[in-house]
Amino acid sequence: MVYDGRMRDLTFGFSPCPNDTFAFHALVAGLIDEPVRVQPRMEDIETLNQLAHAGELELTKLSFGALAALEGEYVPLRSGAALGRGVGPLVVARESMELGRAAAGPIAIPGRDTTAYLLLGLAAGDDLGDVVEMRYDEILDSVEQGDVEAGLIIHESRFTYADHGLVKVRDLGEWWEEETGMPVPLAAICTRRDVDAETRAIVERALRQSVEHAFANPSASAEFVRTHAQEMSPDVQRQHIDLYVNDYTIDLGADGLAAIDTLLKAAKGPITRA
């Protein structure tokens, strides 16, 4: 392919969580040798999902729960994704209970378009009942205070739920891996389908280089990560990055692509067991 040499300017939606600010710092800071500049728009993942439904962002992080309904509008890229083993969302409660009881609710969820909610629906089936949507970072307090029976948690909450006196009911990532034998896909960086193929290829390379730069120069993004993880301890920041940024973030590979295909199909019908 012959590239035309023009600079691409795109608004890039991603979360302020440490995994994203670590992985995408080099791209945002203009440290990547590709003809693309991005203007960051940082929002929680469910807000990004809603913006995608409105088609507002050309380049954005998107839950696979949302992508299942937006495959005609957005194209996932091979680099920048959140996918792996041991990375899934958790269902937590104030006391030990079966998943069916927790799912019956009321259960706090971080949004109906999140991959977490998709996995909860797949795991709980007909037991899923009354759900209460709220920002992901409000869920632990809501469960602790007894406003809801249980909570579906994502991001750094998996490292801090015990501090709220809560217990794990089910790790939905473990459930997915047991059912399919595959890593669990959480989110991908996607372009709108009206972004041309040349620009898409440039962005995909830029994302890969940004993640590789982050791994090679971990201190370069430290201030950027700290600034946007204001209330998170350095230890939790590091755990967050170590868990969610991995080889799949550089490139999904064949097994990552297969896991995504399986999840998107499961959103529309029964899971194919491993």
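The values are calculated or read from the model by the stated rules, or taken from the named source; none is laboratory data. Quick caveat, the model's predicted, so the values are computed rather than measured. Cβ sites come from the backbone with ideal geometry, for glycine too, and all protein chains shown count toward neighbours.
Listed by position, the strands (runs of 3 or more DSSP E) contained in the range 1-87 that have at least 2 residues being in contact with a strand residue (DSSP E or B) (Cβ under 7 Å, 6 or more places away or on another chain) and without any contact (Cβ under 8 Å) to a residue 60 or more places away in the chain are 8-14, 36-42.
Residues in the range 139-155 that are surrounded by fewer than 17 Cβ atoms within 10 Å (Cβ to Cβ) and modelled with pLDDT under 95: 0 in all.
If only residues of the range 224-233 that are modelled with pLDDT of 90 or more and over 24 Å from V203 (Cα atoms) are counted, the one that is surrounded by the most Cβ atoms within 10 Å (Cβ to Cβ) is R226. Here is a check on your reading of the model: is A187 in contact with a Lys or Arg (Cβ under 7 Å, 6 or more places away or on another chain), buried (at least 17 other Cβ atoms within 10 Å of the Cβ), within 13 Å of C17 (Cβ to Cβ) and not polar (S, T, N, Q)? It is true that A187 is in contact with a Lys or Arg (Cβ under 7 Å, 6 or more places away or on another chain), buried (at least 17 other Cβ atoms within 10 Å of the Cβ), within 13 Å of C17 (Cβ to Cβ) and not polar (S, T, N, Q). For the range 246-256, the candidate set comprises residues that are touching a strand residue (DSSP E or B) at 6+ places or on another chain (Cβ under 8 Å) and in a loop (DSSP other than H, G, I, E, B); within that set, the residue that is nearest to K61 (Cα to Cα) is L252. From the list T47, T60, pick out the single residue that is of a type in the set (V, I, T), in the same structural domain as A197 (by TED's automatic domain parsing), under 18 Å from the mean Cα position of the chain (by Cα) and closer than 23 Å to E138 by Cα. Selected residue: T47, the only one of T47, T60 that is of a type in the set (V, I, T), in the same structural domain as A197 (by TED's automatic domain parsing), under 18 Å from the mean Cα position of the chain (by Cα) and closer than 23 Å to E138 by Cα. Residues in the range 88-139 that are of a type in the set (G, A, S), under 14 Å from the mean Cα position of the chain (by Cα) and in a loop (DSSP other than H, G, I, E, B): G88, G111.
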